[in-house]
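What follows is a set of notes on a single structure, which appears directly below.
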Amino acid sequence: MSKNHQATPAYGKGSVLAYRTYLPSLTGVKVIPESSFKGRENILFAANIEVTVAGEAFRPSFSEGDNSLVVATDSMKNFIQRHLGTFQGTTMEGFLDYTARAFLDKYDQISSVELKGDLLSFEQMDRTMSEERTPSQLVFKQSNNEQSQATIQIERTASEYEITKQQSSLKDLQLIKVQGNSFSGFVRDEYTTLPEDSNRPLFIYLNIHWTYEHNHEALGDQPAKYVAAEQIRDLAASIFDQTQTKSIQHLIYVIGCSILNIFPQLLYVSFESQNHTWDLIVDDIPNSEGKVYTEPRPPYGFQLFTVTREDAAKEKAQHAAESAQ
Ligand SMILES: O=c1[nH]c(=O)c2[nH]c(=O)[nH]c2[nH]1
């Protein structure tokens with residue numbers, strides 16, 4: 001549910017599902033070494049949208065029961081679904097921008113509109129023709145793994161529309177690194193029972209959010225500036241692989257700096273991480289470096305951090321100084 005900080009009356013519709021086949025393909029993104037992502041064919045573009053419209057004009061619908069300016073949320077659902085049919089762009093961010101502007105064009109009583117969209121993941125399966133496996137153009141597997149999400153808020157100002165919020169996200173990425181992680185040097189006092197750990201398996205859940213310096217670069221119509229959630233996913237995993245982690249706090253900082261240094265069009269990257277590190281059950285397996293673990297019991301720890309361009313520049317300079325030594 002979206003929060004309405006300004007206390008302007010607001011209402012909307014959640015879980016609007018719209019599945020579009022054959023949206024134009026996303027091509028021409030900047031390819032990075034850490035990811036094989038080159039674009040999205042968009043044979044299937046599956047969206048779960050939430051719309052929130054706000055405006056003082058809706059106050060009488062609350063205070064008086066006067067529905068004369070109320071656009072039924074059922075109509076909002078139809079509006080979103082039909083606009084996915086006319087949308088000619090290639091990304092969720094672009095679709096939300098297109099549809100938000102269309103809402104403001106159509107209904108004068110709306111002063112601001114926020115659209116949030118989950119891009120539902122359908123993975124392309126393989127097909128075999130003459131013993132050669134290639135990606136199927138027809139069959140996809142619904143995936144319940146990590147998900148990309150976008151949010152945009154557009155306000156009506158005196159003369160034009162203004163994007164007042166823009167965020168792209170990767171949600172619920174769950175990564176395990178089986179060794180190469182320590183956690184030590186933390187406060188030891190009468191409440192401390194956790195031992196120092198020089199080599200733990202680290203299982204983390206990550207939500208990563210990124211914002212562009214220029215809002216329009218988020219939309220995908222300049223694909224070289226567009227940053228795909230798949231690239232953020234692959235970059236996070238690659239940094240995790242390469243980093244001897246000292247803590248989740250430090251890991252997400254390093255991931256954030258890398259994202260900002262590779263994609264200078266981004267303004268900041270923010271993280272919500274959770275620690276789901278497994279509990280050790282069997283430490284010594286003869287003739288093996290293996291161990292047995294199980295799910296940790298609740299509660300879990302979490303971290304919140306926003307990495308800025310200033311942080312990324314500092315990290316880059318430090319890295320350059322270390323490499324020069
Ligand atoms: O990476 C971690 N950061 C912490 O702050 C913390 N606290 C804890 O008990 N384990 C961990 N791990």
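The values are calculated or read from the model by the stated rules, or taken from the named source; none is laboratory data. None of these values were measured; they are calculated from a predicted model. Neighbour counts run over all protein chains shown; Cβ positions are idealised from the backbone, glycine included. Areas reflect the complete protein model, heavy atoms only, side chains present, ligands, DNA and RNA absent. Shrake-Rupley method; radii C 1.70, N 1.55, O 1.52, S 1.80 Å.
Which residue, of SER35, SER68, is closer than 25 Å to LYS141 by Cα, assigned by TED's automatic domain parsing to the domain that holds PHE140 and among the hydroxyl-bearing types (Ser, Thr, Tyr)?
Exactly one residue qualifies, and that residue is SER35.
Among the residues of the range 249-284, which ones are within 14 Å of the ligand (Cβ to nearest atom) and part of a helix (DSSP H, G or I)?
Passing the criteria: GLN249, HIS250, LEU251, ILE252, TYR253, VAL254, ILE255.
Take SER136 and decide whether it is outside the structural domain of TYR293 (by TED's automatic domain parsing), more than 28 Å from PHE240 (Cβ to Cβ) and at pLDDT below 95.
yes
Does LYS165 satisfy the criteria of being touching a residue at least 12 places away in the same chain (Cβ under 8 Å), among the basic types (Lys, Arg) and under 30 Å from VAL53 (Cα atoms)?
yes
If I go through the range 169-186 residue by residue, how many of them are part of a strand (DSSP E or B), away from the ligand (no atom under 11 Å from the Cβ) and not charged (D, E, K, R)?
Qualifying residue count for the region: 6.
State which residue is least open to solvent (accessible area, probe 1.4 Å) when the search covers only the range 285-301 and only residues that are outside any loop (DSSP other than H, G, I, E, B) and either of a type in the set (Asp, Glu) or touching a residue at least 40 places away in the same chain (Cβ under 8 Å) (or both).
If we take residues in the range 285-301 being outside any loop (DSSP other than H, G, I, E, B) and either of a type in the set (Asp, Glu) or touching a residue at least 40 places away in the same chain (Cβ under 8 Å) (or both), then GLY301 is least open to solvent (accessible area, probe 1.4 Å).
Can you tell which of ARG233, ARG127 is assigned by TED's automatic domain parsing to the domain that holds TYR19 and open to solvent by 70 Å² or more (accessible area, probe 1.4 Å)?
Of ARG233, ARG127, the one residue that is assigned by TED's automatic domain parsing to the domain that holds TYR19 and open to solvent by 70 Å² or more (accessible area, probe 1.4 Å) is ARG127.
For the subset of the range 99-124 comprising residues that are in a strand (DSSP E or B) and open to solvent by 50 Å² or more (accessible area, probe 1.4 Å), which member is farthest from ALA7 (Cα to Cα)?
Ranking the candidates gives GLN124 first.
Being modelled with pLDDT of 95 or more, in a strand (DSSP E or B) and within 16 Å of the ligand (Cβ to nearest atom) is the requirement here; does ILE204 meet it?
Spelling it out, ILE204 is indeed modelled with pLDDT of 95 or more, in a strand (DSSP E or B) and within 16 Å of the ligand (Cβ to nearest atom).
Residue by residue, here is whether (1) in contact (Cβ under 8 Å) with a residue 12 or more places away in the chain; (2) within 16 Å of the ligand (Cβ to nearest atom); (3) of a type in the set (Lys, Arg) holds:
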{"site": "THR134", "(1), (2), (3)": "no, no, no"}
{"site": "THR157", "(1), (2), (3)": "no, no, no"}
{"site": "ARG188", "(1), (2), (3)": "no, yes, yes"}
{"site": "HIS214", "(1), (2), (3)": "yes, no, no"}
{"site": "LEU219", "(1), (2), (3)": "yes, no, no"}
{"site": "GLN222", "(1), (2), (3)": "no, no, no"}
{"site": "ILE232", "(1), (2), (3)": "yes, no, no"}
